[in-house]
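Bear in mind that the values in this text are calculations on the coordinates, not laboratory data. Keep in mind the model is a prediction, meaning the values are calculated, not measured. Counting neighbours? That spans all protein chains shown, and the Cβs are built from the backbone with ideal geometry, glycine included.
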Amino acid sequence: MLGTIINELIRMANYEELLVKAYHSIPQKALSHERFEVPRAESFIQGTKTIVKGFNILIKDMRRDKKHFLKYLTKETASPITEGNNQLIINGKIGAIQLNKLIQNYFNQFVLCPECKKPDTNVIVQDGVRLLKCEACGAVKPVAGL
């Protein structure tokens, strides 16, 4: 009887040690509870063109290849896009709400982690497949279209 109680206490102490060890192995980014908001693009329509201001800040926030984002926007808007002087010029009238929805969709598909919904992700290539790897929780997801 006394032996089983002692064994149970030893097992519980080992369990507590394992919990502490597991907790300390979690990356700090996964423990933070800060709220991430997708950046909003400031845009205005000038004639038949849409001008998007602050493009470099937007690219810096998403930590993705500028060419890929431009290709995505070109495909989704079906309009040619030029870049210069920290702004985008879209040859077509795209409303601010529609443009921000496109940016939100891009973030959901290519930036945010599918498990923890944090933007701390990197694109890695493994065996010829592009994967979205989360720095916060460690999740890995194949990404089509990158």
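What the table below lists for this structure:
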item	result
Formal net charge of residues neighbouring Ile89 (Cβ-Cβ distance under 15 Å; K, R +1; D, E -1)	+2
Gained length - Arg63 relative to Tyr15, 0.36 nm times residue gap less alpha-carbon distance	13.3 nm
Phi to ³J(HN,Hα) by Karplus 6.51 cos²θ - 1.76 cosθ + 1.60 over region 69-76, Hz, x for Gly, Pro	5, 5, 5, 4, 5, 4, 5, 6
Exposure proxy ranking, count of Cβ atoms within 10 Å, fewest first, for Leu19, Leu99	Leu19, Leu99
Total formal charge among the other residues, if their Cβ is under 13 angstrom from that of Ser79, Lys/Arg +1 and Asp/Glu -1	+3
Glu115-Asn85 FRET efficiency (beta carbon distance; Förster radius 30 Å; 0.05 resolution)	0.20
Burial ordering of Ile94, Ile81, fewest other beta-carbon atoms within 10 Å first	Ile81, Ile94
Sequence of Val140, Val52, Val20 once ranked by neighbouring C-beta atoms within 10 Å, starting from the fewest	Val20, Val140, Val52
Relative compactness, region 29-146, computed as alpha-carbon Rg over 2.2 N^0.38 Å	1.13
